[in-house]
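The structure appears right after this line, and notes come after that.
The values are calculated or read from the model by the stated rules, or taken from the named source; none is laboratory data. Keep in mind it's a predicted model, so treat the numbers as computed, not measured. Cβ sites come from the backbone with ideal geometry, for glycine too, and all protein chains shown count toward neighbours.
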Amino acid sequence: MKRQIVQIDQEKCNGCGQCIPNCVEGALKIANGKARLVSDKCCNGLGACLGHCPQDAIRIIEREADGYDENVTANPARAIHPTTFNDEMLRGTSELSRQSYACPGSQIRQQKPAQQTANSVTVNSQLSHWPIQLHLVPVNAPFFNGADLLITASCVPFSYGGFHNTLLAGRSLIVACPKLDRTEPYLEKLTEIFRQNSIKSVTVAIMEVPCCQGLLRLVRQALKDSGKWMSITVETITVKGEKL
């Protein structure tokens with residue numbers, strides 16, 4: 001399949017290794033003094049490692065590659081030696097090792113929700129249109145023209161209690177998930193939305209987990225490809241539901 005994936009310029013790379021701790025999927029390694037991909041299956045193509053290379057040796061390209069496999073990410077040895085490491089051997093992998101390669105966005109957490117008070121009131125929906133999913137909205141939908149646009153990661157409305165009043169009110173909405181959705185058409189569609197409509201402002205709401213950076217990167221690239229220029233307001237929500 002053809003998809004987005006990390007490419008490392010071996011001429012520029014000096015093997016410093018600064019990119020490796022910033023790849024939460026464990027897709028990068030140092031071999032023969034250079035950073036390299038462990039396996040195509042370990043790279044989700046979201047580019048969390050971008051911007052951490054002092055040599056500017058890392059970029060995202062589109063090429064034929066095996067699909068991203070989160071099961072391989074949890075056990076990178078399988079990607080390197082798929083026949084040598086069987087299921088029984090991998091079950092012996094320590095929990096610490098598994099967690100070190102797992103995406104923080106998938107890590108299990110438990111926390112107490114905020115307490116309801118006597119003064120708590122029902123919040124009215126601020127949604128002004130339908131559909132809202134990026135896969136479904138027409139690029140020339142009337143609610144885009146002249147709009148203040150909110151592009152939000154799918155987890156944000158569930159995580160942030162003030163979503164409707166603080167983020168959504170007065171804005172048109174697009175919802176997308178850069179980790180779980182089939183994102184190949186996203187760049188082209190966002191580009192056409194910006195190109196065909198007079199968007200007044202763009203706000204991107206993401207979670208603090210690294211995979212959400214892929215959505216912000218897509219929006220920035222789409223704006224650039226559309227030939228439009230405007231600043232992007234970024235709102236980041238923690239996994240505890242707080243706005244940073």
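Out of everything in the range 156-170 that is in a helix (DSSP H, G or I) and among the aliphatic types (A, V, I, L, M), what residue ends up being farthest from THR238 (Cα to Cα)? Selected residue: LEU168. Quick check: is even one residue across the range 133-149 of a type in the set (S, T, N, Q), in a loop (DSSP other than H, G, I, E, B) and more than 29 Å from VAL24 (Cα to Cα)? The answer is yes; a qualifying residue exists. GLU208 meets each of the listed conditions (1) among the acidic types (Asp, Glu); (2) touching a residue at least 40 places away in the same chain (Cβ under 8 Å); (3) within 19 Å of THR236 (Cβ to Cβ) apart from (2). When the range 220-244 is filtered for residues that are outside any strand (DSSP E or B) and among the basic types (Lys, Arg), the ones remaining, listed by number, are ARG220, LYS224, LYS228, LYS240. Would it be correct to say that PHE158 is at pLDDT 90 or above and buried (at least 17 other Cβ atoms within 10 Å of the Cβ)? No; evaluated as a whole, the condition is false for this residue.
For the range 173-187, indicate whether the set of residues that are polar (S, T, N, Q) and either in a loop (DSSP other than H, G, I, E, B) or without any contact (Cβ under 8 Å) to a residue 24 or more places away in the chain (or both) is non-empty. So far as the range 173-187 goes, yes, one or more of its residues are polar (S, T, N, Q) and either in a loop (DSSP other than H, G, I, E, B) or without any contact (Cβ under 8 Å) to a residue 24 or more places away in the chain (or both). Condition first: touching a residue at least 40 places away in the same chain (Cβ under 8 Å), crowded, with 21+ Cβ neighbours inside 10 Å and outside the structural domain of ALA48 (by TED's automatic domain parsing). Can you find one or more residues in the range 220-233 that meet it? No, that holds for no residue.
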